[in-house]
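Single-structure report; data block below.
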2 protein chains.
Amino acid sequence: MRISTRGEYGLRAMLVLAENYNKGPYPLREIAKLEQISEQYLEQLFRKLRKSQLVVSYRGARGGYVLARDPADISVNQVLTALEGPLAPMQCVAENIKDEKCKHRGNCSARVVWEKLKDAINKILDETTLADLIANATEE
Amino acid sequence: MRISTRGEYGLRAMLVLAENYNKGPYPLREIAKLEQISEQYLEQLFRKLRKSQLVVSYRGARGGYVLARDPADISVNQVLTALEGPLAPMQCVAENIKDEKCKHRGNCSARVVWEKLKDAINKILDETTLADLIANATEE
DNA sequence: ATAATCCCGAGTAAAAGAGTATGTTTTGGC
DNA sequence: GCCAAAACATACTCTTTTACTCGGGATTAT
């Protein structure tokens, strides 16, 4: 039940952009150096973030990435979902297929706990924004 | 962020034992047939469950497994942890190494959300027992 | 004795994870 | 106009994990 490095690196990179919000395009190379992440790997991750419209890119010299909107309007859930897919502990509760029952015996009493887990996870991640996280950081 | 088939199958198998609590040893072969799971794979899982003292085994003909204690005293967290290891979204918050800080820049403001996630996950799974799940199932 | 059962170590094929490699395209600045 | 800095893109590779399988051995009720 781990988040992969995609989510881990991607979130850290987004926090860098959040800290530099409204200061013009920020190049991946800088993020990579700061966070000690492979630049090419970051590029892969940012393709997904861009397609999910969480960042906007500027090409060419002096180019880079900026957050698509205010850090307070980007949740951790949006970032992780873009990078990792739906955050659910089990396939059967990942999509909105509440109608389809599990094929298992009875109808799978285990599913109840997977639903609860999914809801708890998504609640936390929806409630937490990039702004929340960088606010915490500066408090010390 | 998925639970593997170890946790999935293991929990379903434990629910079968919970439903048959106090009825004597229940053989893996039966569980495997009921739940459509490979018997040899289940054996591997039950080795872990036994070592975590969640089940007791009886060898020989008419042998099988029984829950080590009442279904109301076995949490889903205990089952999943035995099979999957500590349930944490990130290595850095998995063990009790709160003292050790992340090596990342600043000190990793992302960690806050990982801690919250971990706590939420463990709370749900601690609160839910095998008895809770089978109670739900019989309600329909 | 035999069949049913748990017990155990090792092996293996497929998938996912974590990147690399090798470019092309765009654009600001000189 | 040229150049360097950047994003964009596809494909490849290596490692680890997952999800099992294989082939046996040890116990025990009947």
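Residues being near DNA strand D (Cβ under 10 Å from one of its atoms), open to solvent by less than 80 Å² (accessible area, probe 1.4 Å) and at pLDDT 95 or above are entirely absent from the stretch B:96-116. Helices (runs of 4 or more DSSP H) fully within the stretch A:35-127 that include at least 2 residues being within 13 Å of DNA strand C (Cβ to nearest atom): A:39-51, A:76-84.
Just one residue in the set B:G64, B:G7 is surrounded by 13 or more Cβ atoms within 10 Å (Cβ to Cβ) and either under 30 Å from A:L133 (Cβ atoms) or among the basic types (K, R) (or both); that residue is B:G7.
Restricting to the stretch B:13-29, name every residue that is open to solvent by 60 Å² or more (accessible area, probe 1.4 Å) and in contact (Cβ under 8 Å) with a residue 12 or more places away in the chain. B:E19, B:Y21 - these are the residues of the stretch B:13-29 that are open to solvent by 60 Å² or more (accessible area, probe 1.4 Å) and in contact (Cβ under 8 Å) with a residue 12 or more places away in the chain. Scanning the stretch B:10-22 for residues that are within 13 Å of DNA strand C (Cβ to nearest atom) and part of a loop (DSSP other than H, G, I, E, B) yields a single hit, B:N20. Applying the condition of being more than 13 Å from the chain's Cα centre (by Cα) and either closer than 26 Å to A:P89 by Cβ or near DNA strand D (Cβ under 9 Å from one of its atoms) (or both) to the stretch B:48-61 and asking which residue is nearest to the other protein chains (Cβ to nearest Cβ) yields B:Y58. Evaluating B:A32 against the criteria (1) on the phi < 0 side of the Ramachandran plot; (2) within 11 Å of DNA strand C (Cβ to nearest atom); (3) open to solvent by 40 Å² or more (accessible area, probe 1.4 Å) leaves one unmet condition, (3).
The values are calculated or read from the model by the stated rules, or taken from the named source; none is laboratory data. Please read these numbers as outputs of a predicted model, since none were measured by experiment. Neighbour counts are summed over all protein chains in view; Cβ atoms, including those assigned to glycine, are modelled from backbone coordinates with ideal geometry. Just so you know, the surface numbers come from the protein's heavy atoms only, side chains and all, with ligands and any DNA or RNA stripped out. Shrake-Rupley method; radii C 1.70, N 1.55, O 1.52, S 1.80 Å.
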